[in-house]
Amino acid sequence: HQLRPDSPLSASMEDVYRRAIGRELGAQLDYYSEFMDVFRFAQPDYQAAFATYLRARYAGYHFDVIIATTTATLNLVRQTLDDVFGNVPVVFGAGVGIARPPHATEVVSRVSLDDTLELALTLQPDTRHVFIVSGSSEIDRSYAALARTQLGRFDGRVSLTELAGLPMTELEQRLAHLPPDSLVYYVVISRDGAGQRLLPAEAVDRVVAASNAPVY
């Protein structure tokens, strides 16, 4: 998994995987889970240490399949741990344009930020101001860049304002005093501008609580 064990996304994925695979294999299933927690620990030295841990833990084990939930976990499996997992088939989740490595197959998804904003403006056609909220981590910035690209087509139809990489307390103050006819587009915050690390689901709760405008 890309995230930490107690994140809502990891928990829901674990539940689905265990039930789906267990339904097919029953008592034959021997199942292991690992969590990279990349939002809080993105630095290369940690990733190398995590790979060393996995190498030590699973040396000598044989696996029939590996599920890599995202491109980040796929890279760890294929680039760093090839000596451990070798030619074991990998099923992974990826965005459009990710090259498929050998012995792998993918479920491709598209992050449709523009579709979400289109829906928001359909529900609230009087909106004039859209505030786009994101954090300061590398992953936060990558999604903010995607938002910039996809949401650019709305420029002129509404005013677009980025609230990116602010300390959470400052962001909360800004969100509490938005102009009328506004909405907030929450992209992702895993680290704020003061260096505080947050679960994105925790951050969105704070954004919703502070905002005087609807949050999507």
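The values are calculated or read from the model by the stated rules, or taken from the named source; none is laboratory data. Source: prediction; values computed, not measured. No Cβ is skipped: glycine too gets one built from the backbone with ideal geometry, and neighbour counts run over all protein chains shown. Ligands, DNA and RNA are excluded from the accessible area calculation, which covers all protein heavy atoms including side chains. Shrake-Rupley method; radii C 1.70, N 1.55, O 1.52, S 1.80 Å.
Of note:
- Linear extension gain, A59 paired with R148, 0.36 nm per residue minus alpha-carbon span: 27.7 nm
- Each Lys or Arg adds one and each Asp or Glu subtracts one; over the other residues with Cβ under 13 Å from the Cβ of M168, this totals -2.
- Largest first, the residues T149, T80, T73 sort by 1.4 Å accessible area into T149, T80, T73.
- Solvent-accessible heavy-atom area per residue, rounded to whole Å², over the chain at 1.4 Å: 54 Å²
- Projecting the Cα atoms of Q173, G193, Q150 onto the charge dipole of the range 150-203 (Cβ charges, centred on the Cα centre) puts Q150 farthest toward the positive pole.
- Whole-percent carbon and sulfur share, accessible surface of the chain, 1.4 Å: 55 percent
- Relative contact order [Cα under 8 Å, 6+ residues apart], the chain, whole percent: 17 percent
- Residue with peak Gaussian network fluctuation, the chain [Cα springs, cutoff 10 Å], from S12, S182, S190: S12
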